[in-house]
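Before any comments, here is the structure.
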């Protein structure tokens, strides 16, 4: 989906906000992605930065975008439903978030074992390769990003867009869970599980994939709790 120059009979900021909202809803700008800056959007649309800024502010206020000072603007939710879920997860208990994450990842893994395409399987292998490389290089930010990409990729490979959208709104909770288990010893116990999960999906074993997905989340929860108690 491409941005188009606004018409003249509707307020510019309103038109731009509508176009950006459509890009988010279509998945062209997925949850968690950094969007182009004001200047780039202004140049694409041929309008002033003030109009772009006003449109972005309206979407930040609506909860679809998140402005991070000194960094940029990121997609926070794909829809109004996503905004509600995002706020609910953010205000909820960490244990509840783990339980919901476990249910969604189990379902996604089982479906992925039945529906994942060759292209999706190849992409998941590449994500794990980058993740392992980040681990070996000690790049924690890249490790967390690739780990999150793997879990989201598995759920998306299940071919259920609603399930994938619900999981995407657990972005912050999942990221926090991964970050809490960055200790080298804990990574060494969790990392092989990810390869086992992908192997079960490739072999088209839904029950096995579901079991491994559940174990991964539970191990992550237990390790995170243990590290928190030791802090």
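The values are calculated or read from the model by the stated rules, or taken from the named source; none is laboratory data. Only a predicted model underlies this, so the values are computations on that prediction, with no experimental measurement involved. Virtual Cβ from ideal backbone geometry, glycine too; neighbours counted across all protein chains shown.
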### Task
Among the candidates 67, 116, single out the residue that is without any contact (Cβ under 8 Å) to a residue 40 or more places away in the chain and in contact with a helix residue (DSSP H, G or I) (Cβ under 9 Å, 6 or more places away or on another chain).
67
### Message
Could you go through segment 152-162 and let me know if any residue there is out of contact with any helix residue (DSSP H, G or I) (no Cβ under 8 Å at 6 or more places or on another chain) and assigned by TED's automatic domain parsing to the domain that holds residue 103.
### Response
yes
### Query
Out of (1) surrounded by fewer than 18 Cβ atoms within 10 Å (Cβ to Cβ); (2) modelled with pLDDT under 90, the odd one out for residue 205 is which?
(2)
